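Before any comments, here is the structure.
The values are calculated or read from the model by the stated rules, or taken from the named source; none is laboratory data. Since the structure is predicted, the reported quantities are computational estimates derived from the model, not experimental observations. Cβ sites come from the backbone with ideal geometry, for glycine too, and all protein chains shown count toward neighbours. The area values use the complete protein model at the heavy-atom level, side chains included, leaving out ligands, DNA and RNA. Shrake-Rupley method; radii C 1.70, N 1.55, O 1.52, S 1.80 Å.
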Amino acid sequence: MSKPKKRKPERGCAPHLAEVLTFSAKSRRPLLSAILPVFFIMLALLAHPAGAQALTVEPLAVLHDLPRPAEARHRLELRVVVLHEAWSHDEIQAAVHEAARILGQCGIHGSRVDLLRVNAPQAQRHFDPPQSRQLARALDLPKPALFFTAGTRQLPAYDAVAYGRSNSRRSPELASTVWIAPGARDLGIVIAHELVHVLMDSGEHVATPGNLMAEDTTPGNTVLTAAQCGRITDAGSRQGLLRGVD
C-alpha cells in the first residue's frame, strides 16, 4: 500500500496498513465472556514483573436498547472499555447509540454492549502499541472492542486508531479493536467510521461527499452505500464479528 498522508490529529483516524509478518489465525477462548456479570474481576498482568499493579475490571452497564433497524439482518456485540475518568458513561452511551443508528442502514443491529471500567497501570491507559498489546492480551475480551483511552503516545498522533486483521499481523492482540483518545469530536460518527474499518478489514477511505468513510469524520459524513454495506456485512460475518439475527 502507498504511504499514508499525515493529517491533523484531532480529525483523523489512523492509517490502516497491511503489515508483512504472518500470525496465527487461531482464536483464543475469551477469558471474560462467561464472567462479565461479576462486579469486580482481578486479573494479574502476566507480562509484568511480580508486584506490578493488577487490572481491576468493573462492569458498569449492559446496553440492550440500541436502535434496531427495520430490516435487521446482522447482530453486532461490542465490549467498551473505559480507561480514563475523562470519559463519562452518558457521553459514551449516547455515542454508541448514534453509531448504532448509522450502522443500522446496513441492517446491522447492535444487540449488546458491555460497558466496562478498567483500572490499569498508568502506562496502559494511553494508546501505545507495546503497552496496549499487553493490556489487550491480559483482558482477552471478545471482539470487536472499543477502548476509550487517556490519550495517545503514538506518533503521528490520531484521535482514533482501528486495527483489523490485516494491519495487526505483528500485533494480533490488537485485531478487531478501536482506540479513541479524549478530544475526539463527533464521537458517534468516529465510532461508526472506525468500526467499519474493523468490520471490512480495510483502511480504505472514499472521496464521496457525505459518505461515512470519507477521510474526515464530520456530522455531514454518515451515509453508506449498498455496495459498502455488502462489503461490511460479508467481511464482518466471515471474521465472526457479525452474526445472524435470531
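Residues in segment 212-219: is at least one under 24 Å from VAL57 (Cα atoms) and among the aliphatic types (A, V, I, L, M)? No.
Listed here are the residues, each with its yes/no results for (1) in contact with a strand residue (DSSP E or B) (Cβ under 6 Å, 6 or more places away or on another chain); (2) open to solvent by 10 Å² or more (accessible area, probe 1.4 Å).
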{"site": "ASP128", "(1), (2)": "no, yes"}
{"site": "LEU135", "(1), (2)": "no, no"}
{"site": "ALA162", "(1), (2)": "yes, no"}
{"site": "ARG165", "(1), (2)": "no, yes"}
{"site": "THR208", "(1), (2)": "no, yes"}
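Taking the conditions (1) outside any loop (DSSP other than H, G, I, E, B); (2) in contact (Cβ under 8 Å) with a residue 40 or more places away in the chain; (3) of a type outside the set (Val, Ile, Thr); (4) more than 22 Å from THR217 (Cα to Cα) in turn, ARG169 satisfies each one other than (1). Scanning segment 172-181 for residues that are outside any loop (DSSP other than H, G, I, E, B) and either out of contact with any strand residue (DSSP E or B) (no Cβ under 8 Å at 6 or more places or on another chain) or of a type in the set (S, T, N, Q) (or both), we see that the one that is surrounded by the fewest Cβ atoms within 10 Å (Cβ to Cβ) is GLU173. Go over the candidates ALA157, ALA150, ALA184 one by one and state the one that is touching a His at 6+ places or on another chain (Cβ under 6 Å), part of a loop (DSSP other than H, G, I, E, B) and of a type in the set (A, V, I, L, M, F, W, C). Unique residue meeting the criteria: ALA150.
What about VAL62, is it in a strand (DSSP E or B) and modelled with pLDDT of 95 or more? Here the answer is yes, as VAL62 does meet what is asked. A Cβ distance below 6 Å, combined with a sequence gap of six or more or placement on separate chains, defines the contacts here; from segment 83-106, residues that are over 20 Å from ASN221 (Cα atoms) and surrounded by 16 or more Cβ atoms within 10 Å (Cβ to Cβ) reach residues that are modelled with pLDDT of 95 or more and among the polar types (S, T, N, Q) in the pairs LEU83/THR149.
Taking the numbered list (1) hydrophobic (A, V, I, L, M, F, W, C); (2) under 25 Å from HIS205 (Cα atoms); (3) at pLDDT 95 or above in turn, TRP87 passes all entries but (2).
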